[in-house]
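**Student:** Have a look at the structure that comes next, please.
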Amino acid sequence: MHEVRFGVDTFGDVTAGPDGAPLPYGQVLRDVVEEGVLADRVGIDFFGIGEHHRADFAVSAPDVVLAAIAARTERIHLGSAVTVLSSDDPVRVYQRFATLDGLSGGRAEVILGRGSFTESFPLFGYDLAQYEVLFEEKLDLFHALLQGGPVTWQGTTRPALTEQSVYPAPDSGTLRTWIGVGGSPESVVRAARYGFPLVLAIIGGSPARFRPYVDLFGRALDQLEQPRLPIAVHSPGFVADTDEEARELYFPHHQAMMDAIGRERGWSPMTRERFEEEAGPDGALHLGSPETVAQKIARTVAALGIDRFDLKYSAGTLPHPAIMHTIELYGTEVIPRVRELLAR
């Protein structure tokens with residue numbers, strides 16, 4: 001079995017304090033930094049932060065928070081999860097993450113996506129009717145920037161560049177860039193076309209159902225004569241001392257979060273029955289005791305043949321102390337156990 005890496009992701013959800021009230025944004029941001037520091041200390045390979053522009057998330061600038069974590073860590077790789085490239089400027093994204101790469105000594109990564117939340121489009125003056133062309137053109141420019149040297153580029157979504165050099169250069173020589181995909185075959189093929197590693201966001205249903213996307217990525221790389229590229233999975237989960245404790249701690253926060261988003265998107269309410277299905281053997285929630293979570297992650301890794309598994313641990317108002325315990329258990333107990341299981 002090839003070496004598998006393990007990460008954690010957070011969206012910087014506004015968490016609850018001891019009195020149940022939402023914490024101030026500044027406290028949430030400082031807590032996220034502490035979570036990143038702990039992840040490094042317990043041996044986790046990657047720490048990712050999502051970008052959002054709405055009241056229930058504290059992080060709109062992941063690279064700034066990641067820079068704070070970089071200053072207090074030594075080994076862990078740090079990246080976005082994801083950067084909404086469509087509503088940003090590729091040159092500025094490149095510069096910000098190249099800066100993070102320098103500050104961290106070559107540990108920066110960026111996961112580019114179209115974004116499942118669309119608040120950033122009107123906020124920054126972009127038309128959602130251009131959802132596809134914005135991402136396609138900006139990804140093309142970002143790919144050109146990664147090649148190094150002066151860039152000449154022309155499109156319809158930003159001013160053209162002519163023999164333009166962009167600074168700083170990444171400390172590691174190149175900026176590790178992934179494409180985040182939620183379930184679009186076209187996005188999988190696009191990642192292969194540009195030669196970017198793939199991150200599959202598996203947030204519902206059986207992880208095994210994503211095997212066709214893994215196979216499609218491999219076929220596309222072969223047909224495009226690209227080398228084999230890594231595949232990662234981003235999937236929600238939570239670790240506690242026992243299965244029962246994990247379910248009882250996590251469910252109320254998960255339910256409130258899913259129902260709040262669901263009201264905007266027309267989803268049916270999150271029931272306990274549906275939650276138990278997702279937390280069961282065939283669901284996307286990697287939740288429970290260290291042994292239960294390790295067994296499920298090992299099955300996901302084996303079923304998909306992936307190179308990295310990222311546990312998205314944040315869930316609405318789930319309190320910071322519970323999050324810290326999850327990160328500690330994930331690093332000290334879950335990851336070593338998964339490696340044991342995969343080595344059999």
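The values are calculated or read from the model by the stated rules, or taken from the named source; none is laboratory data. Fair warning: this is a prediction, and the values are worked out from it, not measured in the lab. Cβ atoms come from the backbone with ideal geometry, glycine included; neighbour counts cover every protein chain shown.
**Student:** With Thr157, Thr152 as the choices, which residue is exposed (fewer than 15 other Cβ atoms within 10 Å of the Cβ) and either acidic (Asp, Glu) or touching a residue at least 12 places away in the same chain (Cβ under 8 Å) (or both)?
**Tutor:** Values: Thr157 fails: exposed (fewer than 15 other Cβ atoms within 10 Å of the Cβ).
Every option except Thr152 fails the conditions.
**Student:** Tell me, yes or no, whether segment 278-294 has at least one residue that is free of Cβ contacts under 8 Å to residues at least 24 places away in the same chain, of a type in the set (Asp, Glu), part of a helix (DSSP H, G or I) and more than 24 Å from Glu3 (Cβ to Cβ).
**Tutor:** Taking segment 278-294 as the starting set, the residues that turn out to be free of Cβ contacts under 8 Å to residues at least 24 places away in the same chain are 280-281.
So of that shortlist, the ones also of a type in the set (Asp, Glu) come out as none.
No - not one qualifying residue is present in segment 278-294.
**Student:** From (1) surrounded by 14 or more Cβ atoms within 10 Å (Cβ to Cβ); (2) out of contact with any Ser or Thr (no Cβ under 6 Å at 6 or more places or on another chain); (3) farther than 29 Å from Ser104 by Cα, pick out the condition that doesn't hold for Leu198.
**Tutor:** (3)
**Student:** So, one more: Inside segment 301-333, can you point out the residues that are farther than 29 Å from Leu23 by Cα and part of a helix (DSSP H, G or I)?
**Tutor:** Val301, Ala302, Ala303, Leu304, Glu333
**Student:** In segment 1-45, how many residues are closer than 15 Å to Val59 by Cβ and either crowded, with 21+ Cβ neighbours inside 10 Å or among the β-branched types (Val, Ile, Thr) (or both)? Steps first, please.
**Tutor:** Filtering segment 1-45 for residues closer than 15 Å to Val59 by Cβ gives 8-15, 22-36.
Next cut, either crowded, with 21+ Cβ neighbours inside 10 Å or among the β-branched types (Val, Ile, Thr) (or both) only: 8-15, 28, 32-33, 35-36.
The qualifying residues number 13.
**Student:** Next up: Give just the number: which of (1) within 19 Å of His254 (Cβ to Cβ); (2) touching a helix residue (DSSP H, G or I) at 6+ places or on another chain (Cβ under 7 Å) does Pro319 not satisfy?
**Tutor:** Failed condition: (2).
A quick yes/no check of all residues on (1) surrounded by 15 or more Cβ atoms within 10 Å (Cβ to Cβ); (2) outside any helix (DSSP H, G or I):
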{"residue": "Val166", "(1), (2)": "yes, yes"}
{"residue": "Asp171", "(1), (2)": "yes, yes"}
{"residue": "Ala220", "(1), (2)": "yes, no"}
{"residue": "Leu229", "(1), (2)": "yes, yes"}
{"residue": "His234", "(1), (2)": "yes, yes"}
{"residue": "Glu244", "(1), (2)": "no, no"}
{"residue": "Met258", "(1), (2)": "yes, no"}
{"residue": "Arg263", "(1), (2)": "no, no"}
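**Student:** Considering only segment 1-27, state which residues are assigned to a helix (DSSP H, G or I) and of a type in the set (Gly, Ala, Ser).
**Tutor:** Of the residues in segment 1-27, the ones assigned to a helix (DSSP H, G or I) are 25-27.
The one that is assigned to a helix (DSSP H, G or I) and of a type in the set (Gly, Ala, Ser): Gly26.
**Student:** Can you name the condition, by its number, that Ala192 falls short on among (1) under 28 Å from Met324 (Cα atoms); (2) of a type outside the set (S, T, N, Q); (3) without any contact (Cβ under 8 Å) to a residue 40 or more places away in the chain; (4) in contact with a Phe, Trp or Tyr (Cβ under 7 Å, 6 or more places away or on another chain)?
**Tutor:** Here Ala192 meets the rest and fails (1).
**Student:** Let me ask something additional. If you scan segment 98-130, which residues turn out to be surrounded by fewer than 17 Cβ atoms within 10 Å (Cβ to Cβ), under 19 Å from Phe142 (Cβ atoms) and in contact with a helix residue (DSSP H, G or I) (Cβ under 6 Å, 6 or more places away or on another chain)?
**Tutor:** The one that is surrounded by fewer than 17 Cβ atoms within 10 Å (Cβ to Cβ), under 19 Å from Phe142 (Cβ atoms) and in contact with a helix residue (DSSP H, G or I) (Cβ under 6 Å, 6 or more places away or on another chain): Phe124.
**Student:** Of all residues in segment 173-222, count the ones that are among the basic types (Lys, Arg) and under 30 Å from Thr99 (Cβ atoms).
**Tutor:** Initially, segment 173-222 is screened for residues among the basic types (Lys, Arg), giving 176, 190, 193, 209, 211, 219.
Checking the rest, the ones that are also under 30 Å from Thr99 (Cβ atoms) come to 176, 190, 193.
Counting residues in segment 173-222 that are among the basic types (Lys, Arg) and under 30 Å from Thr99 (Cβ atoms) gives 3.
**Student:** If you don't mind, there's one more thing I want to ask. Looking at this structure, is Arg30 of a type in the set (D, E, K, R), modelled with pLDDT of 95 or more and either assigned to a strand (DSSP E or B) or touching a Phe, Trp or Tyr at 6+ places or on another chain (Cβ under 8 Å) (or both)?
**Tutor:** no
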